[in-house]
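Some notes on the structure that comes next.
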Amino acid sequence: MRRCKHIGKIGAGHQATFQPRATLENRAFGKVIAWNRNPARTDTLTKIDAEEGLSFQAATLEQGGEQADVMITITWCFAPRFTATHIV
């Protein structure tokens, strides 16, 4: 069984401050790979991840799909941004 070490996040709005903490209560991760349509908003995630002792990488959707073991989508958009083509 493969151990999940990297968590992917899509979205960096208000809800993104709560979801990662809830996830970490159930499983330990070492690295966060994140994407947001506005890259400047990932600063919020960087602070949270540092508080939790995680390394952080801003990435493209493709990189997230290639590197993440678990993906969390934290977005309100009506059209999918992350599809099966992003998963390797």
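Quick check on the stretch 9-46: of everything there that is of a type in the set (A, V, I, L, M, F, W, C), outside any helix (DSSP H, G or I) and under 13 Å from the mean Cα position of the chain (by Cα), which residue is surrounded by the fewest Cβ atoms within 10 Å (Cβ to Cβ)?
Phe18
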Given (1) touching a residue at least 60 places away in the same chain (Cβ under 8 Å); (2) within 11 Å of the chain's Cα centre (by Cα), where does Ala59 come up short, assuming only one miss? (1)
Is at least one residue of the stretch 64-75 out of contact with any Pro (no Cβ under 9 Å at 6 or more places or on another chain), on the phi > 0 side of the Ramachandran plot and open to solvent by less than 90 Å² (accessible area, probe 1.4 Å)? no
Answer yes or no as to whether Leu61 is of a type outside the set (S, T, N, Q), crowded, with 16+ Cβ neighbours inside 10 Å and modelled with pLDDT under 80. no
Of all residues in the stretch 47-58, which are open to solvent by 60 Å² or more (accessible area, probe 1.4 Å), aliphatic (A, V, I, L, M) and farther than 20 Å from His86 by Cβ? Ala50
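The values are calculated or read from the model by the stated rules, or taken from the named source; none is laboratory data. The structure displayed is predicted, hence computed values, not measured ones. Cβ sites come from the backbone with ideal geometry, for glycine too, and all protein chains shown count toward neighbours. These area figures cover heavy atoms from the full protein model, side chains too; ligands, DNA and RNA do not enter into them. Shrake-Rupley method; radii C 1.70, N 1.55, O 1.52, S 1.80 Å.
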